[in-house]
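Data block below; observations after.
The values are calculated or read from the model by the stated rules, or taken from the named source; none is laboratory data. Computed from a predicted structure; not experimentally measured. Cβ atoms come from the backbone with ideal geometry, glycine included; neighbour counts cover every protein chain shown.
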Amino acid sequence: MKKTVLKILVVALMFTGYTSSATERDPFLKARGKGSKEFALFIDNLGVDLKNTLIYLRDENGGVLYKENLSDGKEYKKLFDLTALPQGNYILEIEDGTRTKSYPLKITDFDLEIDHAHQSNFYKPQIVAQQNNRVGISLFNVNEKDVELNIYNNNRESVFQEMIPGDIVLQRKYDLSELEPGYYTMSFKVGKRVFSKSVEVK
């Protein structure tokens, strides 16, 4: 799809009748109905661990059409009007510190459809323990894909590489005590996604 510069209307909502369907951590997403290309998004309880939540609207090729950073951590209520977009498939992504939740969207001649049946979660690798230059990592690998781990020094030189089999629950401990003191980047590649975590060796 040809990338087009578009103005996407985003307005605050009172959300009468919407908030009752939202859970503490799951976003609530609802199309306005037939004849409309608008949808409402409500995200509740953006506490300390959910600050800096990112919202992306992507085209079918992954290009970013809209991005917003919820840096204040407050309750989020907005209406998105996608009337300016051409017909086609899109993805709404909501990314926080632990996961990326994706919703397939489809714009037709007349309205907007949200495919809730095929929404997906992608969980990020987490550092669960770091002590005495030993690092523990954990990943809920729902798609059971292999994970490529690289550890880079400050010069972006790889000092360690491992291909980890795609178990659904991945837990590893790494002893970094043989490395020179300093900061390192642990880079995890899962499918097409890459996530990085910074660790310090003392």
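Which strands (runs of 3 or more DSSP E) sit wholly inside segment 119-202 and have at least 3 residues that are under 18 Å from the mean Cα position of the chain (by Cα)?
On the way: elements: 120-123, 126-131, 134-140, 147-152, 158-164, 169-175, 182-190, 193-201.
Filter on segment 119-202 gives 120-123, 134-140, 182-190, 193-201.
Condition test on Leu112, is it under 30 Å from Ser198 (Cβ atoms), touching a residue at least 24 places away in the same chain (Cβ under 8 Å) and either among the hydrophobic types (A, V, I, L, M, F, W, C) or not assigned by TED's automatic domain parsing to the domain that holds Glu148 (or both)?
No.
Looking at (1) surrounded by 14 or more Cβ atoms within 10 Å (Cβ to Cβ); (2) in the same structural domain as Leu57 (by TED's automatic domain parsing); (3) assigned to a loop (DSSP other than H, G, I, E, B), can you tell me which one Ile94 breaks?
The one condition Ile94 does not meet is (3).
How many of the residues making up segment 44-72 are in a loop (DSSP other than H, G, I, E, B), at pLDDT below 90 and either more than 16 Å from the chain's Cα centre (by Cα) or crowded, with 17+ Cβ neighbours inside 10 Å (or both)?
5
List pairs: first residue in segment 118-131 and free of Cβ contacts under 8 Å to residues at least 24 places away in the same chain, second residue aromatic (Phe, Trp, Tyr) and in a strand (DSSP E or B) anywhere in the structure, Cβ distance under 6 angstrom, at least six positions apart or on different chains.
That search, which allows pairs on different chains as well, returns Gln119/Tyr103.
Determine which member of the set Ser36, Ser102 is hydroxyl-bearing (Ser, Thr, Tyr), part of a loop (DSSP other than H, G, I, E, B), surrounded by 14 or more Cβ atoms within 10 Å (Cβ to Cβ) and touching a residue at least 12 places away in the same chain (Cβ under 8 Å).
Ser36
Among the residues of segment 150-157, are any out of contact with any strand residue (DSSP E or B) (no Cβ under 9 Å at 6 or more places or on another chain), exposed (fewer than 15 other Cβ atoms within 10 Å of the Cβ) and in contact (Cβ under 8 Å) with a residue 40 or more places away in the chain?
No, every residue in segment 150-157 fails to be out of contact with any strand residue (DSSP E or B) (no Cβ under 9 Å at 6 or more places or on another chain), exposed (fewer than 15 other Cβ atoms within 10 Å of the Cβ) and in contact (Cβ under 8 Å) with a residue 40 or more places away in the chain.
Could you run through segment 158-170 and say how many residues are free of Cβ contacts under 8 Å to residues at least 24 places away in the same chain and aliphatic (A, V, I, L, M)? So that I can check it myself, show each step before the final result.
Pass one, segment 158-170, residues free of Cβ contacts under 8 Å to residues at least 24 places away in the same chain: 158, 160-165.
Keeping just the survivors that are aliphatic (A, V, I, L, M) gives 163-164.
Residues flagged as free of Cβ contacts under 8 Å to residues at least 24 places away in the same chain and aliphatic (A, V, I, L, M) within segment 158-170 amount to 2.
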